[in-house]
1. Leu62 versus Lys7, label points 7 Å from Cα toward the beta carbon: distance in nm?
2. Going by average Cβ neighbours within 10 Å, how do the peptides 72-80, 52-60 rank, with the highest at the top?
3. In square angstrom, what is the accessible area per residue of the chain with a 1.4 angstrom probe?
4. Mind giving me the nanometre distance, one decimal, between the label points for Glu39 and Ser73, set 7 Å out from Cα along Cα→Cβ?
5. Output the Cα-based Rg and Dmax of the chain in Å, rounding Rg to one decimal and Dmax to a whole number.
6. Over the Cα atoms of segment 42-82, what is the Rg over Rh ratio if Rh follows Kirkwood?
7. By a straight-distance test (C-alpha under 14 Å), which aspartates and glutamates pair with Lys7 as possible cross-link partners, with residues fewer than eight away in the same chain excluded?
8. Given a 1.4 Å probe and every protein chain left where it sits, what share in percent of the accessible area of the chain is carbon and sulfur?
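The values are calculated or read from the model by the stated rules, or taken from the named source; none is laboratory data. On a predicted model such as this, the values are computed, not experimentally measured, just so you know. Here the Cβ is made from the backbone with ideal geometry for all residues, glycine too, and neighbour counts use every protein chain on show. Side chains included, ligands, DNA and RNA excluded: accessible areas come from the protein's heavy atoms. Shrake-Rupley method; radii C 1.70, N 1.55, O 1.52, S 1.80 Å.
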Amino acid sequence: MPSISSKPMIRRQIVRLKERNTRILSKPAQELLKDNPMEEPDNEKSIYLWLQAACHYPNVTLDDAIEYLSAWSSRTNQVQAL
C-alpha cells in the first residue's frame, strides 16, 4: 500500500496517463486531483493539473478555483500561488 506522502504523486501519474490516452481530463481526473493541493501545498504541479482538469468539467465554478488558489497561496511562499 502506498504511503500517504506518495498518494499525490500517484494521482498525478494516473491523470497524466489518462490524459495521454483520451486528450481530455475528465471528472474522475478532477476528483483524483482535488486533494493534492491540500496534501502537497508546495507542489505547483498539483494545482496546475487540477485547474486543467477543472476546465473540462462544467460543474467546477470560478469560486472553486479561487478557493484552491487561496488555500495554496496561504500555505506556501511560491510566487506562482499569488
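1. A separation of 3.2 nm, rounded to one decimal place.
2. 52-60, 72-80
3. In whole numbers, the chain has 66 Å² accessible per residue.
4. Modelled inter-label distance: 2.6 nm.
5. Answer for the chain, Rg first and Dmax second: 12.4, 35 Å.
6. Using Cα coordinates only, the ratio equals 0.97.
7. Glu31, Asp35, Glu39, Glu40
8. Taking all protein chains in place, the chain shows 55 percent carbon and sulfur surface.
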